[in-house]
Amino acid sequence: MTFARTGAVALAVTGSYLLVVGPVGLVATPAGIAWGLASAALFATYTLLARRRVARADQWGTLVLALLSGAVVWSLGVPPHTAWLQPYTPSQWLLFAHLAVLATVLPFELFLYGLRFVSPSRAGLTATLEPVVAAFVAYAVLEEWLNVRQVAGGVLIVLAVAWTQVAAERATALPAPD
């Protein structure tokens, strides 16, 4: 961990906290914290393994393998026949298609494509922009209001991502030592 990465992670964590904390503070249960940490560890593992895979294989194959693995795991909790045989309306099927394509396949494919060009740590930190974009889209499209603390959190996350990008560019531009 370089100084720049450590600083950027600290900014991103602080920004994330400010972005999601509610008016009464951060409300979390031990189970919620455990699931959040497990999610972070699994995403980090996914990012590292995916980087190795896309470096030598097609990212579409990697995506299919990852989504198929996830589907198998979720099928243990929700058997496919109980999920697919519900009386869904056409508009609900359209929403499912939106979730499958625009909210799952496309973002993960773009993430995997990006892993060909940036390190896993830069990709993971850049992924922290997701809640910032979601918050500002909710503001713009759904007319949800962001308070000053949430805006400050979003700004800190953007600064963290910018810091990592600038530091990475500077590191690659430096001449090699003799």
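The values are calculated or read from the model by the stated rules, or taken from the named source; none is laboratory data. Computed from a prediction, not measured in an experiment: that's the story for all the values here. Using ideal geometry, Cβ is built from the backbone for each residue, glycine included, and neighbour counts are taken over all protein chains shown. SASA here: full protein model, heavy atoms, side chains in, ligands and nucleic acids out. Shrake-Rupley method; radii C 1.70, N 1.55, O 1.52, S 1.80 Å.
Label zone of TRP93 (point 7 Å out along Cα→Cβ, amide N under 15 Å): in the stretch 65-81 this covers no residue at all. Span-like helix criteria (full DSSP H runs; alpha carbon extent of at least 27 Å along the helix axis; mean Kyte-Doolittle hydropathy of at least 0.0) are satisfied in the chain by 30-56, 59-77, 148-173. The residues HIS98, HIS81, sorted by heavy-atom accessible surface at 1.4 Å with ligands and nucleic acids left out, run HIS81, HIS98 from largest to smallest.
Sparse packing (at most 12 other Cβ atoms within 10 Å of the Cβ) combined with a DSSP loop state is found for the following chymotrypsin sites (Phe, Trp or Tyr not before Pro) in the stretch 99-130: PHE117. Put a plus charge on the Cβ of each Lys and Arg, a minus charge on the Cβ of each Asp and Glu, and nothing anywhere else: the dipole of the chain about its Cα centre is then about 440 debye. Each Cα pair under 8 Å and six or more residues apart adds its sequence gap; the mean of these over the residue count of the stretch 37-121 is a relative contact order of 60 percent.
Taking LEU142, LEU115, LEU18 as the candidate residues, the one with maximal mean-square fluctuation in a Gaussian network model of the chain, Cα springs under 10 Å, is LEU142.
Can you give the extra length, in nm with one decimal, that the chain gains between THR14 and ALA83 once fully stretched, where that is 0.36 nm per residue apart less the Cα-Cα distance?
Working: separation 69, 0.36 × 69 = 24.84 nm, distance 3.83 nm.
Between THR14 and ALA83, full extension yields 21.0 nm more.
Note on the chain: GNM, Cα springs under 10 Å; of VAL101, VAL54, VAL141, the largest mean-square fluctuation is that of VAL141. Which of ALA50, ALA160, ALA66 ends up with the largest GNM mean-square fluctuation for the chain, with Cα atoms connected below 10 Å? Highest fluctuation of the listed residues: ALA66. Over the stretch 23-178, calculate the relative contact order: mean separation of alpha carbon pairs under 8 Å at least 6 apart, over the residue count, as a percent. Dividing the mean separation by the residue count of the stretch 23-178 yields 26 percent.
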